[in-house]
Amino acid sequence: MDKQLLDNLLVLYQKGGLDRNELLERLRILPGEEVGSACLDHQRHRRTGIPEAVFGQTKTVPQLIEILGAQLKRDQVVLATRVDPDKAASVCGNLGALTYHEDAAMLTGNEHFIPDYGDAPRPVLVCAGTSDIPVAEEARLTLHCLGFEASTLYDVGVAGIHRILAHRETLAQAGAVIVVAGMEGALPSVVAGMTPAPVIGVPVSIGYGTGSGGFAALLGMLNTCAPGLAVVNIDNGFGAACMAAAILRPQSAASNTATG
């Protein structure tokens, strides 16, 4: 946060040039923090209810240490996606306040800042097969960091349709449902026909030949005839969790977050 800019805003407010709501709006969109390799948007969680996450797959260990170290100093939960075990070990060796979750390939920190939404509707996370679990775990852990504990239904794909049909009651009571599936990507359409909740399909890059790294599943989900199904990008468990959190977050909490 730019100290001079903040001082100018406070002086303007003190002199009556801004009212309280205008000041809060200006503070809400202040420029980010420059840390050399990145410009960190610490205000994002105040604008959107979702903190800035770090995509770790293509970042170096020094970059991750620099970025995550700066984020840990702020009053918000910290999360980094797509971090392999070797890279995570090096980062955690320098930043002991982080935790590595190997199943989700994610780093998290500042968990004491995870919001508590009380009696908000509960999400349900559905996974077609065991090979889809890493993407499902990314979604589950992201939901946790955003304040929502998901019920999980794993390995309930359409090859044994009785497996998902056995969970009709759980799906009927869900506030939102994330469905992770590879191959032909049929499971989200089935689930969307079983629940009044919004369903978010996540195509996974699992499957042979013409699965084309998840494109067959993506196109299958996009061409669904089941109403109430939205689709995120291939392997994007993080994005699905953010959408579910936006659906489930109480409106009053979203408003309070946005105004700081």
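Figures for the structure shown
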item	result
Selection within the stretch 59-85 - among the polar types (S, T, N, Q) and either in contact with a Phe, Trp or Tyr (Cβ under 7 Å, 6 or more places away or on another chain) or touching a residue at least 12 places away in the same chain (Cβ under 8 Å) (or both)	63, 71, 76, 81
Search result, residues across the stretch 82-107 that are buried (at least 21 other Cβ atoms within 10 Å of the Cβ) and in a strand (DSSP E or B)	106, 107
Given (1) outside the structural domain of residue 190 (by TED's automatic domain parsing); (2) under 29 Å from residue 214 (Cβ atoms), number of the condition residue 92 does not satisfy	(2)
Residues of the stretch 6-56 classified as part of a loop (DSSP other than H, G, I, E, B) and over 27 Å from residue 67 (Cβ atoms), total	5
Complete set of residues in the stretch 118-137 that are under 16 Å from the mean Cα position of the chain (by Cα) and assigned to a loop (DSSP other than H, G, I, E, B)	122
Matching residues, the stretch 174-223, being within 22 Å of the chain's Cα centre (by Cα) and free of Cβ contacts under 8 Å to residues at least 12 places away in the same chain	222
Contacts under 6 angstrom Cβ, first residue in the stretch 151-170 being closer than 14 Å to residue 186 by Cα, partner hydroxyl-bearing (Ser, Thr, Tyr), 6 or more apart	155/130
Lone unmet requirement of (1) surrounded by 15 or more Cβ atoms within 10 Å (Cβ to Cβ); (2) in a helix (DSSP H, G or I) for residue 205	(2)
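The values are calculated or read from the model by the stated rules, or taken from the named source; none is laboratory data. Remember, predicted model here, so these are calculated numbers, not experimental data. No Cβ is skipped: glycine too gets one built from the backbone with ideal geometry, and neighbour counts run over all protein chains shown.
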